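A quick write-up on the structure given underneath.
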């Protein structure tokens, strides 16, 4: 039986740019710490090729790999701001809009005949 490939939507340019920027930031952090890719890989429990993939911003690299690299350099605490509900202006505005909408009160049906 032949396997069927599921077509995927093209990745938006913004997403590839964000991944590349994150990879560059991780590379700069590694270099500032005077770590070789192998040193970071050893600290994070990853392979050197995984670190290369992270630093190049490959989208096929798992989120856990990025998180382990950040954790190994002591940068995981900064992730608290990513998708923080308190900083989500659009989400907060939508929630507030829903709260200000009128609510209809359910009326009891009088079935006394």
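The values are calculated or read from the model by the stated rules, or taken from the named source; none is laboratory data. Predicted model, so just to flag it, every value in this text is computed and none were measured. Using ideal geometry, Cβ is built from the backbone for each residue, glycine included, and neighbour counts are taken over all protein chains shown.
With respect to residue 92, determine if the residue is part of a helix (DSSP H, G or I), farther than 28 Å from residue 12 by Cα and out of contact with any strand residue (DSSP E or B) (no Cβ under 8 Å at 6 or more places or on another chain).
Here the answer is no, as residue 92 does not meet what is asked.
Residue 92 versus (1) modelled with pLDDT under 95; (2) on the phi > 0 side of the Ramachandran plot; (3) surrounded by 10 or more Cβ atoms within 10 Å (Cβ to Cβ): which is the lone unmet condition?
(2)
What pairs come out if I take residues in the range 51-68 that are at negative phi and free of Cβ contacts under 8 Å to residues at least 24 places away in the same chain and pair them with residues that are surrounded by 13 or more Cβ atoms within 10 Å (Cβ to Cβ) and assigned to a loop (DSSP other than H, G, I, E, B) whose C-beta lies under 9 Å away, six or more apart or interchain?
52/58; 53/61; 65/46
Got at least one residue in the range 79-88 being at pLDDT below 95, in contact with a helix residue (DSSP H, G or I) (Cβ under 8 Å, 6 or more places away or on another chain), surrounded by 13 or more Cβ atoms within 10 Å (Cβ to Cβ) and in a helix (DSSP H, G or I)?
yes
For the condition over 18 Å from residue 60 (Cβ atoms), more than 23 Å from the chain's Cα centre (by Cα), surrounded by 13 or more Cβ atoms within 10 Å (Cβ to Cβ) and free of Cβ contacts under 8 Å to residues at least 60 places away in the same chain, what is the one hit in 25, 33?
From the options 25, 33, the qualifying one is 33.
Of the conditions (1) exposed (fewer than 15 other Cβ atoms within 10 Å of the Cβ); (2) part of a loop (DSSP other than H, G, I, E, B), residue 46 clears all except one; give me its number.
Residue 46 satisfies all of (1) exposed (fewer than 15 other Cβ atoms within 10 Å of the Cβ); (2) part of a loop (DSSP other than H, G, I, E, B) except (1).
I'm checking my understanding of the structure. Among residues of the range 1-22 that are in a helix (DSSP H, G or I) and farther than 21 Å from residue 76 by Cβ, which one is nearest to the chain's Cα centre (by Cα)?
15
Kindly establish whether residue 48 is touching a helix residue (DSSP H, G or I) at 6+ places or on another chain (Cβ under 6 Å) and either free of Cβ contacts under 8 Å to residues at least 12 places away in the same chain or at positive phi (or both). Walk me through it before giving the result.
Values: touching a helix residue (DSSP H, G or I) at 6+ places or on another chain (Cβ under 6 Å): yes; either free of Cβ contacts under 8 Å to residues at least 12 places away in the same chain or at positive phi (or both): yes.
Here the answer is yes, as residue 48 does meet what is asked.
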